[in-house]
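First the structure, in the form of C-alpha cells, and then the observations on it.
Readers should treat all values here as calculations from the given coordinates under stated rules, not as data from a laboratory. Model, not experiment: these values are computed from the prediction. Glycine gets a Cβ as well: all are built from the backbone with ideal geometry, and neighbour counts include every protein chain shown.
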Amino acid sequence: MNSISIPKHNWNAFLYEDKHAFVWQYGEDLLQWLNPKPGELILDLGCGTGQLTAKIAESGVEVMGIDSAATMIEKARQNYPHLRFEIADARNFQIDKLFDAVFSNATLHWIKEADAAIASIYQALKPGGRFVAEFGGKGNIQAIVQALYIAFEQIGLSNLQALNPWYFPSISEYTTLLEQQGFEVTHAILFARPTPLADGTAGIKNWIKMFGSDFLTQLSTQEQIQVIRIVEEYLKPTLYQDGNWMVDYRRIRIVAIKV
Ligand code: BEZ
C-alpha cells in the first residue's frame with residue numbers, strides 16, 4: 001500500500017471518543033445503505049477510532065480502515081487489534097486490492113479537493129463496486145460558521161475565514177463530480193439532522209476544540225477564550241435548549257456505482 005501521511009488536523013482521539021461518540025453512533029444508520037455481505041472486501045475511508053469499521057466486520061466481511069490522522073489510527077489499532085488500519089490520505093491513497101465497496105462516514109466534508117478523493121475512491125473499487133457515503137451537505141453547521149466569523153470580526157481578526165477547512169456541497173454539485181469521473185449515482189439525499197452535544201453548557205466549547213482546531217491554533221489562548229465566549233453568546237438563543245446544545249447538522253448521503 002502506498003500511503004502518504006498528511007494529518008491535516010491535530011485530532012485528539014480521547015476527546016473524540018469521550019465527547020463525540022455521536023459521530024459513529026449516527027453513522028450506524030448508514031450501514032443499512034452499505035448492506036455488507038459475507039465475503040466482501042470493504043474499505044472504511046476516514047475510519048476515525050474504528051467503531052464503524054468494527055461494525056462492518058461483524059457482517060462477515062473483510063474490512064480495512066484508513067484515516068489521515070495518526071492519532072486516530074493508533075487508537076483504532078488499540079481498540080480493534082484484530083482489524084487492519086492504515087494511515088492514508090483520502091486525496092491520494094492507493095491500495096493493492098480492489099474493493100467491493102468504499103464506505104465513508106463524516107469524512108468527506110474535510111476534503112476540499114473532492115475530485116482527487118473521488119478519483120482515489122474510483123480506482124480502489126472493482127467494476128460494479130459501490131461507494132456509500134455520508135457527510136456534511138449544503139447549509140451544514142451554518143449557524144456555527146456564521147458565529148465564528150462574527151467572533152473573529154469582533155476581536156479584530158480579519159483573515160481567518162480563509163482557514164475554513166470545510167466543504168459542504170449540494171447534491172447537484174457532488175453528484176456531478178461523481179458522474180464526471182464515471183460513477184452512476186443511484187441514491188442522493190440531503191437532510192437536516194439536528195444533533196445534541198454531550199456535556200451540557202460545555203458542549204459547544206468542546207465541539208469547537210475538537211473540530212475547529214484549524215482556526216483555534218492560529219489564536220492566542222486569550223483570543224481562543226474570547227472567540228468561544230462570543231460564539232456561545234451568539235448561538236445560545238437558537239442552539240441551546242434545556243441545558244443542552246443542539247448543532248445544526250445537515251447531511252448528504254450518496255450511493256454511487258463504478259460502471
Ligand atoms: C460534520 O460532521 O458535519 C462536521 C463535523 C465537524 C466539523 C464540521 C462538520
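Each peptide in 139-150, 60-71 gets a packing score, the mean of other Cβ atoms within 10 Å over its residues, and the list from highest to lowest is 60-71, 139-150. With a ≥ b ≥ c taken as the square roots of the eigenvalues of the C-alpha gyration tensor of the range 17-90, please select rounded if a/c is under 1.5 and otherwise prolate if a/b is larger than b/c or oblate if it is not? It is oblate, given that a/c is not under 1.5 and a/b is not larger than b/c. Phi-derived couplings, Karplus 6.51 cos²θ - 1.76 cosθ + 1.60 at θ = phi - 60°, listed residue by residue for the range 211-217: 9, x, 5, 4, 7, 4, 5 Hz, with x used for Gly and Pro. A simple spin-label model places the labels of GLU74 and ALA202 2.3 nm from each other, with each point 7 Å out along Cα-to-Cβ. Using θ = phi - 60° in the Karplus curve 6.51 cos²θ - 1.76 cosθ + 1.60, the 3J(HN,Hα) couplings for the range 177-193 round to 4, 5, 5, 4, 9, x, 7, 9, 8, 9, 9, 7, 9, 10, 8, 7, 9 Hz; x is entered for Gly and Pro.
Phi-derived couplings, Karplus 6.51 cos²θ - 1.76 cosθ + 1.60 at θ = phi - 60°, listed residue by residue for the range 58-71: 4, 7, x, 9, 8, 10, 10, x, 10, 7, 7, 9, 4, 4 Hz, with x used for Gly and Pro. Restricting attention to the chain, lysine pairs at least eight places apart or on different chains and with alpha-carbon atoms under 20 angstrom apart total 20. Computed with the Debye formula from one identical point scatterer per Cα of the range 54-134, without solvent, the log10 of I(q)/I(0) at q = 0.18, 0.20, 0.23, 0.26 Å⁻¹ comes to -0.80, -1.00, -1.30, -1.53.
Both radii come from the Cα set of the range 1-138: Rg as radius of gyration, Rh as Kirkwood radius; their ratio Rg/Rh reads 0.92.
Out of every Cα-Cα pair that the range 128-259 contains, those further apart than 22 angstrom amount to 46 percent.
Backbone N atoms of the range 73-96 closer than 12 Å to the 7 Å Cα→Cβ label point of LEU41 belong to residues 95-96. Residues whose amide H lies under 5 Å from that of GLU86, counting only those 5 or more places away or on a different chain, are GLY65, ILE66, ASP67; hydrogens are built 1.01 Å from N in the peptide plane. The rule of thumb for compact globular proteins, 2.2 N^0.38 Å, goes into the C-alpha radius of gyration of the range 13-258 1.03 times. Annotation: extensible slack from TRP33 through THR176 equals 49.4 nm (criterion: 0.36 nm per residue apart, minus Cα-Cα distance). Once the Cβ-Cβ distance of GLN154 and LYS112 is raised to the sixth power relative to R0 = 22 Å, the FRET efficiency obtained is 0.25. Say a paramagnetic label sat at a point 7 Å from the Cα of LEU98, along Cα to Cβ; which residues of the range 231-259 have their backbone N under 18 Å from it? Residues 256-259 fall inside that zone. Once you reduce the range 226-259 and the range 80-159 to the center of their Cα atoms, the two points are 18 Å from each other.
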